[in-house]
Structure formats: structure tokens, C-alpha cells
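A.B. asks: The structure under discussion is supplied below as C-alpha cells; questions concerning it will follow.
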Amino acid sequence: MGALPEGIVLHEASGQLELRWSDGVQAHLSARSLREACKCAACENTRRAGRPFVAAAATALTQLNPIGEFGLQLIFNDGHDRGIYPWPYLHELSVIPARE
């Protein structure tokens with residue numbers, strides 16, 4: 001199955017999601033980068049139409065909801081709550097260089 005999460009911490013003050021993985025990878029992902037990486041149908045359709053979503057600098061995570069053993073539903077302060085972030089995708093985001 002690949003790497004599994006061993007630790008998940010939402011740092012509210014910094015807005016960072018800290019992820020520690022079974023393969024030793026550790027990452028701090030910003031709410032803004034996670035919002036821009038959303039793969040829900042609406043966000044994907046917007047990208048395909050040539051209009052990539054750019055999150056506001058003040059984007060914050062307001063809630064994390066575990067989705068069984070599949071991944072996390074991330075809820076953002078802009079009201080967006082449709083994206084499910086599977087563990088393999090979150091791991092991929094953890095190992096690619098941050099754009100911010």
C-alpha cells in the first residue's frame with residue numbers, strides 16, 4: 001500500500017498540517033497549498049477549463065475529518081469541504097517541493 005501516516009498534527013497558529021509517514025518522510029503543508037491541490041470534481045473542472053484555483057493568502061484549515069483508512073477530508077475557511085485527500089496523494093504532496 002505504500003507509506004502510511006504515523007502522525008497528523010494541525011498547527012492552528014501557523015496553519016500548517018504536519019504529516020509524519022512510516023517511510024520517514026515528514027512534511028509541513030500549508031493550508032493554501034493544500035487548497036490549491038484539491039482534486040475534487042469542481043476544482044478539477046476549473047483546472048481543465050484553464051482557470052487554476054489560486055487560494056487566498058489567508059486560507060486556513062478549519063477541520064480535519066478522517067475518512068476511514070482512506071485519507072482525510074479537509075475543510076477550509078473559504079467553505080470548501082468537497083475534497084478527499086487519499087493517503088497516497090498526501091504522501092505525494094509531502095515529498096514534492098513546496099511552491100510557497
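The values are calculated or read from the model by the stated rules, or taken from the named source; none is laboratory data. As the structure is a prediction and not an experimental result, all values here were calculated from the model. Glycine also receives a Cβ, built like all others from the backbone with ideal geometry; neighbour counts cover every protein chain displayed.
A.B. asks: What about Thr62, is it part of a strand (DSSP E or B) and at pLDDT below 95? Steps first, please.
C.D. replies: Numbers: part of a strand (DSSP E or B): yes; at pLDDT below 95: yes.
For Thr62, the condition - part of a strand (DSSP E or B) and at pLDDT below 95 - is met.
A.B. asks: Which ones in region 10-33 are aliphatic (A, V, I, L, M) and touching a helix residue (DSSP H, G or I) at 6+ places or on another chain (Cβ under 7 Å)?
C.D. replies: Leu17, Leu19, Val25, Ala27, Leu29
A.B. asks: Residues Gln26, Gln63, Gln16: which one is polar (S, T, N, Q) and surrounded by 15 or more Cβ atoms within 10 Å (Cβ to Cβ)? Step through it out loud before you land on a result.
C.D. replies: Details: Gln26 fails: surrounded by 15 or more Cβ atoms within 10 Å (Cβ to Cβ); Gln63 fails: surrounded by 15 or more Cβ atoms within 10 Å (Cβ to Cβ).
None of the other options fit; the residue is Gln16.
A.B. asks: OK, next. Quick one: in region 1-23, of everything that is among the small types (Gly, Ala, Ser) and at pLDDT 95 or above, which residue is farthest from His91 (Cα to Cα)? Before you say what the answer is, go through the steps one by one.
C.D. replies: Kept after step one, since they are among the small types (Gly, Ala, Ser), are these residues of region 1-23: 2-3, 7, 13-15, 22.
When the remaining residues are screened for being at pLDDT 95 or above, the result is 7, 22.
Values: Gly7: 12, Ser22: 10 Å.
Of everything passing the filter in region 1-23, Gly7 is farthest from His91 (Cα to Cα).
A.B. asks: In region 78-89, how many residues are touching a strand residue (DSSP E or B) at 6+ places or on another chain (Cβ under 6 Å) and modelled with pLDDT of 95 or more?
C.D. replies: Of the residues in region 78-89, 3 are touching a strand residue (DSSP E or B) at 6+ places or on another chain (Cβ under 6 Å) and modelled with pLDDT of 95 or more.
A.B. asks: Which of (1) of a type outside the set (D, E, K, R); (2) surrounded by 13 or more Cβ atoms within 10 Å (Cβ to Cβ); (3) in contact (Cβ under 8 Å) with a residue 40 or more places away in the chain; (4) not in a loop (DSSP other than H, G, I, E, B) does Thr46 not meet, given it meets every other one?
C.D. replies: (3)
A.B. asks: Suppose we filter region 39-56 for residues that are at pLDDT 95 or above and touching a Lys or Arg at 6+ places or on another chain (Cβ under 8 Å); how many remain?
C.D. replies: The qualifying residues number 0.
A.B. asks: Among the residues of region 2-13, which ones are touching a residue at least 12 places away in the same chain (Cβ under 8 Å) and of a type outside the set (D, E, K, R)?
C.D. replies: Those that are touching a residue at least 12 places away in the same chain (Cβ under 8 Å) and of a type outside the set (D, E, K, R): Gly2, Ala3, Leu4, Pro5, Gly7, Ile8, Leu10, His11.
A.B. asks: Identify all residues within region 2-43 that are assigned to a strand (DSSP E or B), charged (D, E, K, R) and farther than 22 Å from Ala57 by Cβ; write none if there are none. If you could, list the steps in order and put the result at the bottom.
C.D. replies: First, pick out the residues of region 2-43 that are assigned to a strand (DSSP E or B): 5-11, 16-21, 26-30.
Add one more test, that the residue is charged (D, E, K, R), and what stays is 6, 18, 20.
If the condition is that a residue be assigned to a strand (DSSP E or B), charged (D, E, K, R) and farther than 22 Å from Ala57 by Cβ, then Glu6, Arg20 are the ones that fit.
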